[in-house]
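What follows is a set of notes on a single structure, which appears directly below.
The values are calculated or read from the model by the stated rules, or taken from the named source; none is laboratory data. From a predicted model like this one, the values you see are computed outputs, not experimental measurements. Here the Cβ positions follow ideal geometry from the backbone for every residue, glycine too, while neighbour counts run over all protein chains shown.
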Amino acid sequence: MNAALHVCQPGYESFLAKEAGVAPEKTGPGWVLGGPVPEDLCFAHLSLVAPRELTGRSVNALAWAAADAFAESARGERFDAPWPFLVEEAGLPGLARRAKGVEEECLARLRAKMSRVAKLAVPGRPAPGPARGLFVYAADFDRLFVSREAVGWGPRRMADDPQAPSRSYLKAEEAYGVLGREPAPGETVVDLGAAPGGWSYSAARRGARVTAVDNGPMKGGGLHPGIVHRPEDAFKFAPQAPADWLFCDMVEDPERVAGLLEDWLARGWCRRFVVNLKFGRRDPLPLLRRARALRGRCAVLKVRHLFHDREEFTLVGERAADA
Ligand SMILES: C[S@@+](CC[C@H](N)C(=O)[O-])C[C@H]1O[C@@H](n2cnc3c(N)ncnc32)[C@H](O)[C@@H]1O
């Protein structure tokens, strides 16, 4: 079977290869080819299962090769429901335009060959989890990886909100998608290291009641009536009652922050959490192992290098009832 193609944020390929335990057969900016798809990956955004490598000199040649590979593999397959059709690219200058051309031309060819099936194609990244459809990754101007199966790990680009006090806001918004839940009206959120207030704002605009803990000032004092600022040391903060959500995005030693989350879970102080660990320049793999060890205490735990994360990764999860 062909090796899987794992797509990540450019610059994080070596961490991804190490995490997946593969000696990369090939690698490029934002992708690693090697090994099977493991059960869990932090640094990948998407994995293409056993892709075929196709080459072509023009947009049409590439698009037709992808469409023909799809048509051939779909022979005898029933299509009764919408299926995902995704074309992504490695981020080289000018490649996005070429990938768009491939997407349009590939769909046109599918319409001509199998119009009923083509009408069911839904462009864009599928929901997190395994998916069957057509997945195309342009690694270069003349080279595509094409597969019928993919695993989406959850990260995706979020739309900006000009009202949000910080760009960190995007990480919280993205984390809800990974978890499949978001703060609901009336729920309580403790946000440790909250300033200038993006994560707090993200929860408060959904109607949650937020205690924003930070020694530093919140932008505009919090900007939302649902936010109460507590200018305190987050490591000393104890909630008066268990919170529905713990948020934590502190610029602190990530091992110390991991310890704080372990403590909150052991004490039953939160039901769900979104916690960011900033590994900076150090090797993130030992920290990743520590983060994953929390699985025993969680009903759900996902550790992801979000689209909007930099030298950091984010834990989202739900405490096990008996933790
Ligand atoms: C990256 S910023 C948080 C951004 C925030 N999530 C947002 O959306 O705007 C990190 C914050 O952690 C706070 N912080 C770091 N150590 C802290 C501590 N021990 N107690 C409270 N706040 C702390 C800093 O003051 C800083 O405001």
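Residues that are of a type outside the set (A, V, I, L, M, F, W, C) and touching a Leu at 6+ places or on another chain (Cβ under 9 Å) occur in the range 256-266; there is at least one. Residues of the range 243-262 that are in contact with a Phe, Trp or Tyr (Cβ under 8 Å, 6 or more places away or on another chain) and surrounded by fewer than 14 Cβ atoms within 10 Å (Cβ to Cβ): Arg256 alone.
Looking across the range 142-176, the residues that are of a type in the set (Gly, Ala, Ser) and at pLDDT 95 or above come down to Ser147, Ala150, Gly152, Ser168, Ala172, Ala175.
Results for (1) within 16 Å of the ligand (Cβ to nearest atom); (2) of a type in the set (A, V, I, L, M); (3) out of contact with any Leu (no Cβ under 7 Å at 6 or more places or on another chain), shown as yes or no for each residue.
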residue: Pro128; (1), (2), (3): no, no, yes
residue: Ala138; (1), (2), (3): no, yes, no
residue: Glu174; (1), (2), (3): yes, no, no
residue: Gly177; (1), (2), (3): no, no, yes
residue: Val210; (1), (2), (3): yes, yes, yes
residue: Gly220; (1), (2), (3): yes, no, yes
residue: Pro225; (1), (2), (3): no, no, yes
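One line per residue, one yes/no per condition, for (1) in contact with a Pro (Cβ under 8 Å, 6 or more places away or on another chain); (2) among the acidic types (Asp, Glu); (3) surrounded by 15 or more Cβ atoms within 10 Å (Cβ to Cβ); (4) in a strand (DSSP E or B):
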position	(1), (2), (3), (4)
Pro24	no, no, yes, no
Val32	yes, no, yes, yes
Glu39	no, yes, no, no
Leu46	no, no, yes, yes
Arg57	no, no, no, no
Asn60	no, no, yes, no
Ala66	no, no, yes, no
Phe70	no, no, yes, no
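Within the range 295-321, the set of residues being surrounded by fewer than 21 Cβ atoms within 10 Å (Cβ to Cβ), more than 24 Å from Ala17 (Cβ to Cβ) and in contact with a Lys or Arg (Cβ under 9 Å, 6 or more places away or on another chain) comprises Arg297, Cys298, Ala299, Val300, Glu318, Ala320. Residue pairs, Cβ under 7 Å, 6 or more apart or interchain, first in the range 114-137 and assigned by TED's automatic domain parsing to the domain that holds Ala44, second modelled with pLDDT under 95. List them. As it stands, the answer is Arg125/Arg156; Pro128/Gly154; Gly133/Pro126, since those pairs meet every condition given. In the range 140-157, the residues that are at positive phi form Cβ pairs under 7 Å with partners that are outside any loop (DSSP other than H, G, I, E, B), at six or more places apart or across chains, as follows: Gly154/Gly177; Gly154/Val178; Gly154/Lys302; Gly154/Arg304.
Would you say Leu246 is closer than 19 Å to Ala172 by Cα, modelled with pLDDT under 95 and within 16 Å of the ligand (Cβ to nearest atom)? It is false that Leu246 is closer than 19 Å to Ala172 by Cα, modelled with pLDDT under 95 and within 16 Å of the ligand (Cβ to nearest atom). Among the candidates Arg167, Arg156, Arg125, the residue that is farther than 15 Å from Ser47 by Cβ, of a type in the set (D, E, K, R) and surrounded by fewer than 20 Cβ atoms within 10 Å (Cβ to Cβ) is uniquely Arg167. Residues that are surrounded by 15 or more Cβ atoms within 10 Å (Cβ to Cβ) and assigned to a strand (DSSP E or B): does the range 278-294 have at least one? Scanning the range 278-294 turns up no residue that is surrounded by 15 or more Cβ atoms within 10 Å (Cβ to Cβ) and assigned to a strand (DSSP E or B). The residues in the range 231-242 that are surrounded by 14 or more Cβ atoms within 10 Å (Cβ to Cβ) and near the ligand (Cβ under 9 Å from one of its atoms) can be counted, and the count is 3.
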